[in-house]
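The values are calculated or read from the model by the stated rules, or taken from the named source; none is laboratory data. Computed from a predicted structure; not experimentally measured. Neighbour counts run over all protein chains shown; Cβ positions are idealised from the backbone, glycine included. We work out accessible area using only protein heavy atoms, side chains counted, and drop any ligands, DNA or RNA first. Shrake-Rupley method; radii C 1.70, N 1.55, O 1.52, S 1.80 Å.
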Amino acid sequence: MIAYKMRIVDLVNGKLKNDEMGGVILSTPFGESKEARILGTIIDSYRNPENTYGSVTIDDGTATVRLKGWADKVQLLDKFKEGEIVDIVGRVG
């Protein structure tokens, strides 16, 4: 499937449904996709004390969304800093 470029508000207001393979599909006015592409500014980040969970919050002026990482994926979030503009492609869920 295609990762559609969208505003965060469209991502947040989209409808999630299960596909026949047990995954999740996001349905928006632009089509259906398992992935979304958003552009925004990092406004917050979090790591738990055990460093087994982390998140960054992205704002594009229409809404906010939190990107999450668990276990070995937490280190991927370390390269992002608050105030940076990022272009993110990720799975919806």
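Restricting attention to segment 44-72, report how many residues are under 18 Å from ASP87 (Cα atoms) and under 14 Å from the mean Cα position of the chain (by Cα).
15
For ASP10, the conditions (1) in contact with a helix residue (DSSP H, G or I) (Cβ under 6 Å, 6 or more places away or on another chain); (2) open to solvent by less than 30 Å² (accessible area, probe 1.4 Å); (3) among the acidic types (Asp, Glu) all hold with the exception of (1). The set of residues in segment 3-14 that are farther than 12 Å from SER33 by Cβ and either of a type in the set (A, V, I, L, M, F, W, C) or in a strand (DSSP E or B) (or both) comprises ILE8, VAL9, VAL12. Of all residues in segment 37-56, those being farther than 19 Å from TRP70 by Cβ and at pLDDT below 95 number 2.
Looking at segment 66-92 only, could you name the residues that are part of a strand (DSSP E or B), open to solvent by less than 100 Å² (accessible area, probe 1.4 Å) and closer than 24 Å to PRO49 by Cβ? It would help to see each step written out before you state the result.
Just the residues of segment 66-92 that are part of a strand (DSSP E or B), to begin with: 66-70, 85-91.
Narrowing the set further to residues that are open to solvent by less than 100 Å² (accessible area, probe 1.4 Å) leaves 67, 69, 86-90.
Those that are part of a strand (DSSP E or B), open to solvent by less than 100 Å² (accessible area, probe 1.4 Å) and closer than 24 Å to PRO49 by Cβ: LEU67, GLY69.
Can you pull out every residue in segment 13-58 that is in contact with a helix residue (DSSP H, G or I) (Cβ under 8 Å, 6 or more places away or on another chain), open to solvent by 40 Å² or more (accessible area, probe 1.4 Å) and polar (S, T, N, Q)? Result: SER45, ASN51, THR52.
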